[in-house]
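Okay, structure first, notes after.
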Amino acid sequence: MRAMTVNSRPNLRQIAVELGLSVTTVSRALKDGPEVHPETTQRVKAAAAAAGYVPNLHGRALRMGLTRTLTAILPMETRNYLSDIAKLPLIEGMTMAARERGYSLSVYSTTPEEDPQDNLSRLIQAGGADGIVITRMVSEDPRIPFLLERSIPFIAFGRSGSAFSYPYVDVDNASIAFEATRELLAKGCRRIALQLLNRGDQYSAARLAGYARAMTEAGAQVDEALIGHEDFTMEASEGWISRLLDIDEPPTGLVCANELGLLGALGATRRKGLVVGRDFHIAVRDNTHMCRYLSVPLTAHSVDMAHVGRCLVEGLITRIEQPDAPFTQVVVPGEMQQVIGV
């Protein structure tokens, strides 16, 4: 094969001429088109790699009418400065997946009290994004039909129980809460507290359903007084657990909302003179792997949130570039482990 012109950017036509193929064949081979013979595809890819060929994403974007920009709407959990630490792996996964596909990602951050529908409408009116990641799903979320009716590419982080079919990536929160509760029951806990976050979102609804199923199957009573709905900062968690430990029949176990809820719960049990792992048992959702650095025995569920972020962006790009393709619908499980601590 002859060398490409020095200092020129190789293009499909040059590769086609060098290999004696049509531009169409070269283009299809680089996309692994089934109509191209595998040996030809291999030759084309080898020639493209040797020549340093890079797809002209800008030109492709112009042809498709794209800005190659994605936006993820990520509400802050609370106004506590540590509350969103678990979002960092999610943002990392989304950012890396977007970059690898030639897109950029912007994060549209909102406060907890803002209306999700209003935020979405403002974002769409502003324009500038090819697709949107929506989060904090609620039952029968109105944003789903709103986006579907307008043919706006989107993907949801979570399921809403909607009658509409739509693209989503979700974490199996019901199974995680079920397994966590069952583990505490196996440790002898019969009075188990459950931390939830926002009352209306599907994340909390799924966790409550899993918890209730495990309690019911074990013949244990579900006591509404042991179920907390708060913005569980460390301080809020410590206060709530402290109050529960003062009632006549206090809990001996806790299914914790997140790492911040865990830190607050550890503070409360320490103040009451309880030893975690002996007098009080905790199961926690631990996406940051913080638990392994705490000197207490815990049951921890971890989810690869960077993988979740990648799945969200890859599913969204599929909606943008292949609007007739089947919807991405992925449920990511959690991995349970017993953490002894350092």
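Rule-based calculations on the coordinates, nothing more; no lab input. Note that this is a predicted model, so its numbers are computed, not measured. Backbone-built Cβ (ideal geometry, glycine too); neighbour counts: all protein chains shown.
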| task | Under a 10 Å cutoff between Cα atoms, tell me which one of Gly20, Gly158, Gly261 has the largest fluctuation in the Gaussian network model of the chain. | result | Gly20
| request: Could you work out the relative contact order of the chain, using alpha carbon pairs under 8 angstrom and six or more residues apart, expressed as a whole percent? | output: 17 percent
| field | Approximate spin-label separation Ser109-Asp324, in nm, with each point projected 7 Å along Cα-to-Cβ | value | 4.2 nm
| Can you sort Phe164, Phe232, Phe154 so the residue with the fewest Cβ neighbours within 10 Å comes first? | Phe164, Phe154, Phe232
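Test of understanding: ordering His281, His301, His307 by Cβ neighbours within 10 Å, fewest first, what list do you get? Working shown, then result.
Numbers: His281 23, His301 26, His307 16.
With the fewest neighbours first, His281, His301, His307 line up as His307, His281, His301.
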| request: State the antiparallel share, in %, of DSSP beta bridges confined to the chain, rounding to the nearest 5. | output: 15 percent
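Please work out the ratio of the alpha-carbon Rg of the chain to 2.2 N^0.38 Å and round it to two decimals.
Values: Rg = 25.1 Å, N = 342, 2.2 N^0.38 = 20.2 Å.
For the chain, the normalised Cα radius of gyration comes out at 1.24.
Suppose we look only past 16 Å in the calculated P(r) of the range 173-303. What percent of the Cα-Cα pairs does that tail hold? Write down the numbers at each step before the final one.
Details: 4854 of 8515 pairs.
Beyond 16 Å sits 57 percent of the P(r) for the range 173-303.
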| Cα long-axis angle, helix 234-245 against the chain (0 to 90 degrees, to the nearest 10) | 30 degrees
| query | Under a 5 Å amide H to amide H cut-off, with H placed in plane at 1.01 Å, what residues pair with Arg285 once short-range neighbours are removed? | reply | Cys256, Asn258, His301
| Mean-position separation - Cα centroids, the range 236-288 and the range 126-196, in angstrom | 26 Å
| request: Within the chain, what's the longest run with no GluC sites (Glu not before Pro) in a DSSP loop and at most 11 other beta-carbon atoms within 10 Å? Give the range, please. | output: 114-342
| task | Lys and Arg at +1, Asp and Glu at -1: add these up for the other residues within a Cβ distance under 10 Å of Leu294 and post the number. | result | -1
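Kindly state, to the nearest 0.05, the FRET efficiency for Arg190 paired with Asp118, given R0 = 41 Å and r defined as their beta-carbon distance. Walk me through the numbers on the way to the answer.
Values: r = 44 Å, r/R0 = 1.08.
With R0 = 41 Å, the Cβ-Cβ based efficiency is 0.40.
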| Rounded to the nearest 20 Debye, what is the dipole magnitude of the chain about its Cα centre when Lys and Arg each give +1 and Asp and Glu each give -1 at the C-beta? | 1280 debye
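Counting other beta carbons within 10 Å of each Cβ, put Thr252, Thr269, Thr69, Thr111 in order, fewest first.
Details: Thr252 18, Thr269 21, Thr69 15, Thr111 10.
Result, fewest neighbours first: Thr111, Thr69, Thr252, Thr269.
Report the FRET efficiency, 1/(1 + (r/R0)^6), for Ala46 and Met96, where r is their Cβ-Cβ distance and R0 is 41 Å, rounded to 0.05. Please report the intermediate quantities before stating the final value.
Details: r = 27 Å, r/R0 = 0.66.
Here the calculated transfer efficiency is 0.90.
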| said: What aspartates and glutamates does Lys272 reach when the alpha-carbon gap must be under 14 Å and sequence neighbours fewer than 8 apart in one chain are set aside? | reply: Glu238, Asp246
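Find, to one decimal place in angstroms, the Kirkwood hydrodynamic radius of the range 112-261, where the mean of 1/r is taken over every pair of different Cα atoms and then inverted. Write down the numbers at each step before the final one.
Values: mean 1/r = 0.0584 Å⁻¹.
One decimal place: 17.1 Å for the Kirkwood radius.
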